[in-house]
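Visitor: Got a structure here, written out as structure tokens. Questions coming.
Since every read-out is calculated from the coordinates, none of them should be taken as a lab result. No experiment lies behind these values; they were computed from the predicted model shown. All Cβ positions, even for glycine, are placed from backbone atoms using ideal geometry, and neighbour counts span all protein chains on display.
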């Protein structure tokens, strides 16, 4: 979800601390550092993700991007996420506008965070954090958000440039998954999952996949329209790439009060392909689409969707910098954060 007014006091500076350091200086953790299953090749087998003969379920948190949402956050976050919250996966984002204006700085920030996460044995989902669709429309940040006005805007050639670079830089690490496009939408007023926009999205994804595959066979995630909530019809029109799975986002206002909420948007896809819910969450104090509680959203969502289908997930957002936040400014969990932490710890202890 876009950063909400008041959630970030200001975009303190685009220049990433330590940005002058060469990206290659970080290196990548070898098997001795990433000792978990995440150091081995991840496979798609039917609707499961597997390492060898072991079925794995990704559970974790989305941390945002290193230049804006995570600005000023400590690298120790990844130790806390892995060791204290017991997650096995993190989602790290990058805004198109930042890549357009300062790619070297972006690469430095991404390398730092990805390296820290992989050193803790976490799977990493790398997300191109565009909101919109080429030739249609894009999210326009409000000035008080402190973001670049073209933060979410991504013409195909910019996305192709990004994914080609990411495939060359990170594409040989078996623990890194590429999420091709954050939240596509063609008509922002659409509030029904009908799948009509999927053919256009699929054409875009095929261009991005073509840029990645010469350099990497990483697992890829493709999302549907309606801000990544509409996967209707995808089951019968899959992307012809054996290492592509699907991403889905869900917040409290999606189909609120409808008896078939959530399920109609998934449209049976979890029966045939892995689905990763790369964003979900609630905010007790917010207004609008994020407003919800553990009782009226999170608990039924986990039971009826995540656990019912065995979906993978990264809750948004492990930072005070974007709503719904899992952390308060002092670092203690919000109500939402406490819910996610308890769930991850329970899963991690099994």
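Visitor: Arrange the peptides 162-175, 60-73 so that the one whose residues have, on average, the most other Cβ atoms within 10 Å appears first.
Guide: 60-73, 162-175
Visitor: Tell me the Kirkwood radius of the range 103-183: reciprocal of the mean inverse pair distance over distinct alpha-carbon atoms, in Å.
Guide: Final number for the Kirkwood radius of the range 103-183 is 13.9 Å.
Visitor: Further question on the same structure: Considering only C-alpha atoms, what is the centroid distance from the range 149-201 to the range 230-270, in Å?
Guide: 16 Å
Visitor: Would you mind computing Rg(Cα) / (2.2 N^0.38 Å) for the range 64-222, counting N as its residues?
Guide: Output field value: 1.05.
Visitor: Label the range 54-348 by shape, choosing from rounded, prolate and oblate, from the square roots a ≥ b ≥ c of the eigenvalues of the Cα gyration tensor; if a/c is under 1.5 it is rounded, and otherwise prolate applies when a/b is larger than b/c, oblate when it is not.
Guide: Note, shape of the range 54-348 comes out rounded.
Visitor: Still on this structure, please answer the following. Find the relative contact order for the chain and round it to a whole percent, using C-alpha pairs within less than 8 Å whose residues are 6+ positions apart.
Guide: Rounded, it is 20 percent for the chain.
Visitor: Could you rank the peptides 329-337, 223-231 by their average count of other C-beta atoms within 10 Å per residue, with the highest value first?
Guide: Top of the packing list down: 223-231, 329-337.
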